[in-house]
Amino acid sequence: MSLAIRVATASDVPTILRFIRALAEYEKLAHEVVADEAKLTATLFGPRPGAEVLLAEDAGIARGFALFFTSYSTFLAKPGLYLEDLFVDPEARGRGIGKRLMVALAKICVERDYGRFEWSVLDWNTPAIDFYRRLGAVPQDEWTVQRLTGDPLRTLAAT
């Protein structure tokens, strides 16, 4: 395996979208994907990028990706890295690709002097949870993610 981790460019948008759709399918959330190439190009590679993407390539073929963005800890007074999506093609799993992506992200955190590296995982995704535990990740069970989208978000904004 000749695995390389690299920063994605705008020309990688079709590949990024393929990974997003595959991840959504795996998580049984495909019905929630409204992303398309135009939206991804604008939000990832436009004037105000909302996130960054790493691609894992084996012999030049994209096998996995990590999409992340900067968060901030007021307690640490430092930025952090929030991993939104990590996905490796099912046929490429077990080769260390996910670990290599996580190592690359950890290096980014250290190089940028970030205080945290965080992500969420679905509670039923035992393979991912086991993988993260092997890396040394500690669950934050006392925290519950809250979310506003769609009409509730617009209603609050109009208040």
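At-a-glance table
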{"item": "Among beta bridges that DSSP assigns inside the range 3-157, antiparallel share in %, nearest 5", "result": "90 percent"}
{"item": "Candidates per trypsin sites (Lys or Arg not before Pro) in the range 98-159, loop by DSSP, up to 11 other Cβ within 10 Å", "result": "147"}
{"item": "Loop-located chymotrypsin sites (Phe, Trp or Tyr not before Pro) in the range 57-159, at most 10 other Cβ atoms within 10 Å (DSSP)", "result": "75, 124, 143"}
{"item": "Of the DSSP H helices in the chain, those whose Cα atoms cover at least 15 Å axially and whose Kyte score averages -1.0 or more", "result": "13-26, 97-111"}
{"item": "Value at 222 nm in deg cm²/dmol, rounded to 500, when DSSP H runs of n ≥ 4 in the chain each add -39,500 (n - 2.57)", "result": "-10500 deg cm²/dmol"}
{"item": "Between the range 108-129 and the range 59-74, the alpha-carbon center distance in angstrom", "result": "10 Å"}
{"item": "Sites residue 70 and residue 91 - FRET efficiency at Förster radius 22 Å, r taken between beta-carbons, to 0.05", "result": "0.10"}
{"item": "Dimensionless Rg/Rh of the range 42-119 - Kirkwood Rh, Rg from C-alpha atoms", "result": "1.02"}
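Each reported figure results from applying straightforward, stated rules to the coordinates on display, with no laboratory input. These figures come from a predicted structure and were not determined experimentally. As a convention, Cβ positions derive from the backbone with ideal geometry for all residues, glycine included, and neighbour counts pool all protein chains shown.
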